[in-house]
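Presented below is the structure to which this report refers.
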Amino acid sequence: MLQSRFKMPSHDELVKRMDAIPDHVLRECPICHAKFLSMRLGRDHTCPKCGYGFRILAKRRVKITFDKFTEIDQNITVPDRYTDEKYRAKIAKAKKVTGLNESVLTGIGSLNKQQVAVGIMDPFWIMGSLGSATGEKITRLFELATRKDLPVVMFTSSGGARMQEGLHSLMQMAKVSSAVAEHSAAGLLYIVVLCDPTTGGVTASFAMDGDIILAEPHALVGFAGRRVIEQTIMQTPPKDFQSAETVMKHGFIDQIVKRSDMKKTLTQLLRLHTKENAYG
Ligand SMILES: [Zn+2]
């Protein structure tokens, strides 16, 4: 049998290679189609013209957003009973590329000495899909935050429920939302940051459960994909109907925040909502 000679690089190697992309390589923004040298993407990986935040690894987002971060539940992964050969190969590739055992990175971070429970979905882990272990990690994060009296900041980036896990994947929507409701009932703050893309079962559950919902510029935010909608309603939706800007116009997003301003904005929001600063 013919063996593929291509060997997938490890997470560390990939990050090293990404950092080693020469400054003079030409990049194109998928939103405004501006062409610019890769050096202008900067540390935040943002389009210098329209502010679109390119998709980034969860581990990179931690570095550019939080002062300190301690990962939790890093060994939770897909249970064997769900896997077949094809799925196992996808999981192995996702683990290698992202350096994560699941599509979400969870932990306790700090922003200007304020502690916060953090969840970051990784769009490079089978499209940040919501599997049973993803749901378990996010549920545990909210339960921990409720016990420790901490706010939660969740960065969503997902293609939706993971089809390989069928109903077990879909039930994570309700499971996570229940943990969010308990966190909310304890009077604690939950901030969501919608990143490109936030779709499907994630949009239909914890991505829209936040007390404050932020989004990165031009992030795709929707439920079903464009083609499914076109074939269902037999009409062509407007070009930008699922952009964060359109979704905000219709009242589902509180503010669009550039990635370079995210740390400052989150720090201010957390400070405003700490109990010492609350009225009454
Ligand atoms: Zn752009």
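Our estimate of slack between LYS68 and SER110, defined as 0.36 nm per intervening residue step minus the Cα-Cα distance, is 14.6 nm. Residue pairs exceeding 29 angstrom between C-alpha atoms, taken from LYS63/LYS95; LYS49/LYS137; LYS96/LYS148; LYS93/LYS239: LYS49/LYS137; LYS96/LYS148; LYS93/LYS239.
Kindly state, to the nearest 0.05, the FRET efficiency for ARG81 paired with LYS49, given R0 = 45 Å and r defined as their beta-carbon distance. Could you put the intermediate results ahead of the total?
Numbers: r = 48 Å, r/R0 = 1.06.
Given R0 = 45 Å and the Cβ-Cβ separation, E is 0.40.
What is the Cα radius of gyration of the chain over 2.2 N^0.38 Å, N being its residue count? Can you show the working numbers first?
Working: Rg = 18.9 Å, N = 280, 2.2 N^0.38 = 18.7 Å.
Here the Cα radius of gyration is 1.01 times the empirical estimate.
Distance between the pseudo-spin-label points of ALA181 and SER260 (7 Å out from Cα toward the beta carbon): 4.3 nm. Partners of LYS90 within straight-line reach, counting aspartates and glutamates whose Cα lies under 19 Å from its Cα and excluding those fewer than 8 residues away in the same chain: ASP12, GLU13, ASP80, GLU102, ASP122, GLU165.
Where does the longest stretch of the chain lie that holds no chymotrypsin sites (Phe, Trp or Tyr not before Pro) found in a DSSP loop with 13 or fewer other Cβ atoms within 10 Å? Result for the longest clean stretch: 7-240. Secondary-structure-derived ellipticity at 222 nm for the chain, considering helices only, amounts to -11000 deg cm²/dmol, per-run term -39500 (n - 2.57) for DSSP H runs with n ≥ 4. Taking θ as phi - 60° and the Karplus parameters 6.51, -1.76 and 1.60, the scalar couplings of the stretch 86-98 work out to 5, 5, 4, 5, 5, 5, 4, 5, 4, 5, 5, 5, 9 Hz in sequence order, x denoting glycine and proline. Can you list the residues of the stretch 181-208 with backbone N under 20 Å from a point 7 Å past the Cα of MET163, pointing along Cα to Cβ? Those under the cut-off are 197-205. Between SER132, SER157, SER184, the Gaussian network model of the chain with springs among Cα atoms under 10 angstrom shows the greatest mean-square fluctuation at SER184. Loop-resident trypsin sites (Lys or Arg not before Pro) (DSSP state other than H, G, I, E or B) in the stretch 179-280 with no more than 13 further Cβ atoms inside 10 Å of their Cβ: LYS239.
Compared with the alpha-carbon gap, the fully stretched path from LYS90 to ASP12 is longer by 26.2 nm at 0.36 nm per residue.
No lab work stands behind these numbers, since they all come straight from the coordinates. Computed from a predicted structure; not experimentally measured. We place every Cβ from the backbone using ideal geometry, glycine too, and count neighbours over all the protein chains shown.
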